[in-house]
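> Here's a structure for you.
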Amino acid sequence: ADDAQARIRLAVTLTMRRHYKTALGALGKALKIAPRNAEARIRAGNVHYFLKDYAKALENYSLAVKDDPLNPNAHNGLGLASFALKRSDEALESFSRAISLNPLADRAYRNRAAVWTSLKKYGNAAGDFRTAGMVNTDASLVDEYRKLVEEAESRAARGKS
């Protein structure tokens, strides 16, 4: 049971149950076994993000990106932490990189659309919500994305009037 993957799986379960401190302990042990494990770093970033410790989350996601530069989840996490820290340009860049690495993950488009919305660039937000709705495979989200597109487009139209 001393293998890093088992500790990461345990941490995922603990995180879902909101046992954040215990999850961080398991991830710390996983990282002692496998110091350059991007998955463990991403999971640690997620826990810190849920704890609203965005600087610590950013640090973990950055290390994950360094260890695995082609991991779209590491870039998506980096975007979330950057956005939470009000670094919109960095967030846009990270979400765009996540999208380029995995163009079929709707959440990176959705996350980038949230940044565009905060910047009042509603046309860009509508485009990302529309793409998210097209690449997403969960039928229950199709309506949600359609509404988000309509809302962003109407805000964009109001901005032009």
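> Look at region 30-49 and say how many of its residues are closer than 20 Å to residue 90 by Cα and not small (Gly, Ala, Ser).
5
> Let me ask something additional. Among the residues in region 91-103, are any at pLDDT 95 or above, within 25 Å of residue 17 (Cβ to Cβ) and either touching a helix residue (DSSP H, G or I) at 6+ places or on another chain (Cβ under 6 Å) or small (Gly, Ala, Ser) (or both)?
Scanning region 91-103 turns up no residue that is at pLDDT 95 or above, within 25 Å of residue 17 (Cβ to Cβ) and either touching a helix residue (DSSP H, G or I) at 6+ places or on another chain (Cβ under 6 Å) or small (Gly, Ala, Ser) (or both).
> In region 1-36, how many residues are among the small types (Gly, Ala, Ser) and open to solvent by 50 Å² or more (accessible area, probe 1.4 Å)?
Residues in region 1-36 being among the small types (Gly, Ala, Ser) and open to solvent by 50 Å² or more (accessible area, probe 1.4 Å): 1 in total.
> While we're on this one: Please count how many residues of region 37-72 are surrounded by fewer than 19 Cβ atoms within 10 Å (Cβ to Cβ) and either modelled with pLDDT under 95 or assigned to a helix (DSSP H, G or I) (or both).
Looking only at that region, the number is 7.
> Any idea which residue in region 120-161 is most open to solvent (accessible area, probe 1.4 Å), counting only those that are within 23 Å of residue 88 (Cβ to Cβ) and not in a helix (DSSP H, G or I)?
Per the stated criteria, the residue is 120.
> How many residues are over 20 Å from residue 99 (Cα atoms) and of a type in the set (S, T, N, Q) if we restrict to region 123-158?
The qualifying residues number 2.
> For region 93-107, name all the residues that are closer than 13 Å to residue 82 by Cβ and open to solvent by less than 60 Å² (accessible area, probe 1.4 Å).
Within region 93-107, 94, 95, 96, 98 qualify.
The values are calculated or read from the model by the stated rules, or taken from the named source; none is laboratory data. Every value quoted in this text rests on a predicted model; they were computed, and no experiment measured them. Note: ideal-geometry Cβ built from the backbone for every residue, glycine included; neighbour counts use all protein chains shown. Just the protein is used for accessible areas: all its heavy atoms, side chains included, with ligands, DNA and RNA removed. Shrake-Rupley method; radii C 1.70, N 1.55, O 1.52, S 1.80 Å.
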